Amino acid sequence: MSVKSYLKPQSVTDALIMAKTHANYLYFAGGTDIQVYLKQQLIKPDHIIDLSDIGELQNIASNDENISIGSMTTLDAISKNNSIYKDFPLIVEAAQSIGTPVIRKTATVGGNILVNNRCNFYNQSFGWRQAIGSCLRDVGDLCQVTKTSGKCFSRNVSDLAAALFCLDAKVIISNQNEGLELSIVDLYNQDGIDFHKHLDHDGILTKIILPIDAGSTWFKKLRIRNTLDFSSLTIAAKVYDNRNFRIGLNGVSMSPVLITGNLDMIDLEGIKSLARKSCKTVDNDMMPLKYRREMIDVYLDQWWVSIQK
Amino acid sequence: MSGPIGKRTPYIEAVQKVTGQAQFAEDFHFSNMLYVKFLRSPHTHAKIQNINLSKAKKLAGVCAISIGRDLPIPFGVLPISPDETAMAVNKVRYIGEIVAAVAAESEKIAHEACSLIEVDYEPIRDFLEPDDSLIDCSPDEQIHSHSKNGTNVHKVAELYFNDPKKAIQNSDISCTRTFKFAGVTHGFTEPHATVAQWNDDETLKVITATQVPHYLQKYLSKVLEIPLHKIRVIKPVVGGGFGGKSDPFPHEIITSYLSIKTHRPVKCVFTREEVFISNHGRHPTKMTLSVGADKQGKITGLDTDIVIDGGSYGSFGVVTSYYNGVLLQGPYRINEFGFTTTRTYTNKPQCGAMRGHGAVNPRYAMEVIIDELSHSLKMDPCDFREKNFLPANTLTVGQLRITSNGVLDCLKAVREKSAWDERYGNMPDGRGLGIACGFFISGSALPINWNRYPQTVVHTKLDFDGRVVIFSGASDIGQGSDTMLVQITAEELGITMDRVQVEVADTKLTPVDLGSYSSRVTFMVGNAAKSSSIKLRDELIKTISKEKNIKPESIQFENNRIFTEDKSLNMSWDEGVEICLAGRGSIVTMGYYISPQLGGKFKGSGAGLSPSYSFGAFISEVSVDKKTGAVKVEKVWGAHDCGKALNPLAVEGQIEGSIHMGLGQAISEELVYENGQFLNSNFIDYKIPSTLDTPDMDVTIIESDDKEGPYGAKEAGEGPIHPVLPAIGNAIFDAVRVRMYELPITPDKVLRAIKEKI
């Protein structure tokens, strides 16, 4: 790793100026994941722009209609915020499923939402990748997972994204233009290499806005250990007004997957079928592919049982 | 005992460790120091055609580069299997093997220089699965030319006593099953690290994270061609070993060589990935085990065929091969007994010794089959085991000498504490209990390198300041042997532990100890320390009795005082020291340990011989989610016979650590290979259980008072792991009625087994 400068802007405006004047930069949030990428030479920025001193990105504010969470709020902080705990227990549950208590002291909401996609064959050291020879996302034209050259299926593993999908969250992005507000769903591409959208023009995810409304939520994460592990499958679900539902799935496709509908219009088998079709799951996780696919059905069964109560 | 023996005693270095003051190998810094990085092979099996160092040599800050032909002398921890060189010579045998090493002014420069080294390889057919290695191949394709019969077999170890096949065939019932075990690795916290310093007087000092300073000294001497007396190996504080630091390692030899070459101190610290690549962990294993029994539940015979995947080099593999079989001779009486273990070379990182060496996987198989036999006979699995236990003071069929044996007490303890009799077989669907037993050596009775010396020597020095210093080569790697030495010495001299200090594991200052492996330290070094302390006490008694005209046998030592019962003598320790040292100054006493002559006269009879054996019985309680296959180990009751707990706190820690480590191999840990390299060489993807995955533990220490152990003590560091895994496997059967024959028992496998049963 050979970084020429490590910059610590005090405001979003400063950060955008730095981004404009430093080619090949990297925005750095909590850094718990991205440091591994640096060490493994998966990314080679010339400049690091560390956002941790920007106070405006660490605010949590609420009114009667919504809560806004600064993107640099740590996962630990949102877990301990009374407003979030009261109105969005799903967010707390999702946040507490990420990393470990120590990691959550540093890892941020924005960092998790924009966590890089993962693949067993990509998230390896330089020497390992050299030995394996080719990876669509790295070098060469052959995917080691599918043994084809068509498409990268690296998977999104943001647990918060699954929760935010079903809460219909909005995100605010500042950039060199006017900035923009969009649904979190529009932040993601179904693409294992180019997996985020709308972050061009030096875009910085600054806020997440959660509309406060009633509904019952459900969350489950598949992993071998009860802590630390990245998701092998995350399902977050919400049932609200007149039996409408939103289900966010992640860890099983190149982007988080959203399934919406009304429980009077579709049955469990229909929802499962939609989930299976929407998820482009391949064998790129430590858990076997067949099992992860099976668990989509099993978890949806469990969610279904929970809403019958 | 009036001193610290038998009392819960925190480790003497505990405060240093938790406050960050303890010095690990990486913490040693010297002025003018260089740093080493390695160029590693990207091929599983390839001839090295050419190495071009010209670009790397030109990089500013590069001080020395070495390649395989600089250090061509082969070595290996076992003298019968010296098949490794410090770096690849002529060909590479696994991805990650060291091809070249650069010493430079910084790690960064060394790393960059490695990337500038150009190597031309000619790939050779690789052998990634043991089954492939069993088949004939051309000499050019062999991983090692010394493999017999044109295969890639490293070792075939077999022993047969009587006719087990026939006995099983003629049994009332029998059970034959095939088991598969994934490779696992040690997962110690501190990565490998070495600092080497070549001195002006042409002596070499090596500070390194090792379990075996003495063996390292020996192989440094051999490969570097330097006399033993010019080499000093120092083991600083070590952050865990579990067998993974019990070989002499290439990086230790290369770092030393580069220090000699540059006349500067040189440091090497592995990344976590390099630790994984270095491996030396438990062998991936496939075994078919047959056990017969009569209608009364007596075991009639055992026969097993085992193939272990050794990776590219030998390491402890010959011993592992024997241990896979011979350590099935207990804790049950089996008179018709036989095994064949085949260790294959494959083009993967080498396997070696790991906690519970060689016997963990077969123990799982044995205990699961016993469970099956019990069920076939409609007999309680605890009762079945009880019927078959070896007694104390007996010989096994292969002439392992059993002395003390507390296995029955172990079983009774966990049976009662877990309320086994009320709950086993009566728990709700998805919840179950499982029992398993085990035994293990308290040190190998034979040294690795045959010689006429004792297996360990301890010196005890008393000086005018009243301080007692113990000099021992014993390597404390976190198991508490330094504390044990202090406890024993304080006990024998009747002084408080603060008056006793240790100088350990420094081949210049301390007498030889063979190392921390095979659970030998408490038994062997403990005996030597006790003997040495007694000699020192006798010296004190002799001089004090003479000066004070008191009968020697009436003098007692306790609480820093030297006295007689009638108080005609009542002096402080310091006063006694002054009398003892008057006119001659400090004194040094010596104690040693040599194992008794043990074993039979047949080939392979030395394998598994130990002056004593530990025993244990564990019960696990699990819950199984039948929809997902997820297993949660709720509680483990463990009872271990360690002879005498010199430090119950340390023994409890060892048992708890064994439960945690056994849990990992049982349900989550697995080295996953992808074309010969590990897919999961990091602590995210290699799944060591977290605190949240670790069950409640109930630990019982059984003290069977071994007649030859120090104060009756036996081992406690490795034996407790053996029953943990099968107790979990058997509990899963009780919970959901499926037998798990493949480890780790991940949710997908459990779910598949449940579905297949339906």
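The values are calculated or read from the model by the stated rules, or taken from the named source; none is laboratory data. None of the values given here were measured: they were computed from a predicted structure. Here the Cβ positions follow ideal geometry from the backbone for every residue, glycine too, while neighbour counts run over all protein chains shown. With ligands, DNA and RNA removed, areas are computed over all heavy atoms of the protein, side chains included. Shrake-Rupley method; radii C 1.70, N 1.55, O 1.52, S 1.80 Å.
When the GluC sites (Glu not before Pro) in region B:446-517 are filtered for DSSP coil states and for at most 13 other beta-carbon atoms within 10 Å of their beta-carbon, no site remains. Sequence-distant contacts, meaning Cα pairs under 8 Å at least 6 residues apart, place the relative contact order of region A:216-308 at 22 percent. Is the shape of region A:167-246 best called rounded, prolate or oblate, per the rule: a/c under 1.5 gives rounded, else a/b larger than b/c gives prolate, else oblate, with a ≥ b ≥ c the square roots of the Cα gyration tensor eigenvalues? Note, shape of region A:167-246 comes out oblate.
For region B:67-184, the solvent-accessible area with a 1.4 angstrom probe is 46 square angstrom per residue.
Could you give the dipole magnitude of region A:216-308 about its Cα centre, charging the beta-carbon of Lys and Arg +1 and that of Asp and Glu -1, in debye to the nearest 20? Kindly include the intermediate steps, with their values, before the conclusion.
Numbers: 14 positive and 10 negative charges, 50 e Å.
In total the dipole reaches around 240 debye.
Amide H contacts of A:His196 (H built 1.01 Å from N, in plane; Pro and chain starts excluded): A:Asn189 sit under 5 Å, all sequence-distant by 5 or more or on other chains. The accessible-area loss of region B:625-657 on complex formation, taken against its chain alone with a 1.4 Å probe, reaches 40 Å² or more at B:Thr628. For chain B, the residue among B:Cys642, B:Ser605, B:Pro723 whose Cα projects farthest onto the positive side of the dipole built from Cβ charges is B:Ser605. Computed with a 1.4 angstrom probe on protein heavy atoms, the A-B interface buries about 2400 square angstrom of accessible area in total. Whole-Hz Karplus values for region B:659-671 come out as 4, 5, 5, x, 4, x, 5, 5, 10, 9, 7, 6, 7 Hz, taken residue by residue from phi with 6.51 cos²θ - 1.76 cosθ + 1.60 and θ = phi - 60°; glycine and proline positions read x. For B:Arg40, the residues whose amide H sits under 5 Å from its own are B:Val99, ignoring neighbours fewer than 5 places away on the same chain, with H placed 1.01 Å from N.
Just to confirm, what accessible area per residue do you get for region A:1-51 at 1.4 Å probe, in whole Å²? Could you put the intermediate results ahead of the total?
Numbers: 2660 Å² over 51 residues.
Heavy-atom SASA per residue in region A:1-51 reads 52 Å².
What residue among A:Ile184, A:Ile17, A:Ile103 has the largest mean-square fluctuation in a Gaussian network model of chain A, using Cα springs under 10 Å? Checking each option, the largest mean-square fluctuation is seen for A:Ile17. Prolate is the label for region B:545-620. Its Cα gyration tensor axes, ordered a ≥ b ≥ c, give a/c of at least 1.5 and a/b above b/c.
Dipole of region B:474-549 computed with +1 at Lys/Arg Cβ and -1 at Asp/Glu Cβ about the Cα centre; of B:Ser533, B:Val500, B:Ile477, farthest Cα towards the positive end is B:Ser533.
When +1 charges are put on Lys and Arg Cβ atoms and -1 charges on Asp and Glu Cβ atoms, the dipole computed for chain B relative to its Cα centre reaches about 820 debye.
Under the shape rule built on the C-alpha gyration tensor, where the axes satisfy a ≥ b ≥ c, chain A is oblate, since a/c reaches at least 1.5 while a/b does not exceed b/c.
Hey, what did chain B get for relative contact order, percent, Cα under 8 Å, at least 6 apart? Don't jump to the answer; show the numbers that get you there.
Values: 2006 pairs, mean separation 120.9, N = 758.
Relative contact order here is 16 percent.
Under 5 Å from the amide H of B:Asp698 lie the amide H atoms of B:Val636, B:Trp637, B:Gly638, each residue being 5 or more positions distant or on a separate chain, with H modelled from the backbone and absent for Pro and chain starts.
Taking the protein heavy atoms of region B:447-593 in the context of the full set of protein chains, the accessible area attributed to carbon and sulfur is 49 percent at 1.4 Å.
Run through the DSSP bridge list for the protein assembly as shown and note the antiparallel percent, rounded to the nearest 5.
On the way: 142 of 178 bridges.
Percent antiparallel among DSSP bridges in the protein assembly as shown is about 80.
Along the axis of the charge dipole computed for region B:39-190 (Cβ charges of +1 for Lys and Arg, -1 for Asp and Glu, origin at the Cα centre), the listed residues B:Thr176, B:Ser41, B:Ala60 are led at the positive end by B:Ala60. At a threshold of 40 Å², the residues of region A:282-307 that become less accessible to a 1.4 Å probe in the full protein assembly than in their chain on its own are A:Met286, A:Tyr291, A:Glu294.
A DSSP coil position with no more than 16 other Cβ atoms inside 10 Å describes the following trypsin sites (Lys or Arg not before Pro) in region B:429-514: B:Arg452, B:Arg467, B:Lys508. Once the partner protein chains are put back, region B:660-681 shows a loss of at least 30 square angstrom of accessible area, versus the chain by itself, at B:Glu674, B:Gln677, B:Leu679 (probe 1.4 Å, ligands and nucleic acids excluded). The GluC sites (Glu not before Pro) of region A:37-141 meeting both criteria, a DSSP state outside H, G, I, E and B (loop) and at most 10 other C-beta atoms within 10 angstrom of the site's C-beta, are A:Glu65.
In region B:64-195, what percent of the accessible surface is made up of carbon and sulfur (1.4 Å probe, ligands and nucleic acids excluded)?
Numbers: 2670 of 5720 Å².
Taking all protein chains in place, region B:64-195 shows 47 percent carbon and sulfur surface.
To the nearest 20 Debye, how big is the dipole of chain A about its Cα centre, given +1 on the beta carbon of each Lys and Arg and -1 on that of each Asp and Glu?
Values: 33 positive and 33 negative charges, 217 e Å.
About 1040 debye.
The phi-based Karplus calculation (6.51 cos²θ - 1.76 cosθ + 1.60; θ = phi - 60°) puts the 3J(HN,Hα) values of region B:749-758 at 6, 5, 4, 4, 5, 5, 5, 5, 5, 6 Hz, whole numbers, x for Gly and Pro.
At 1.4 Å probe radius, can you tell me the per residue accessible area of region B:376-509 in Å²? List each step's numbers first, then the result.
Values: 5030 Å² over 134 residues.
Counting only protein heavy atoms, the per-residue value for region B:376-509 is 38 Å².
The 3J(HN,Hα) values that the Karplus relation (6.51, -1.76, 1.60; θ = phi - 60°) gives for region B:428-440 are, in residue order, x, 3, x, 10, x, 10, x, 10, 7, 10, x, 7, 7 Hz. Gly and Pro appear as x.
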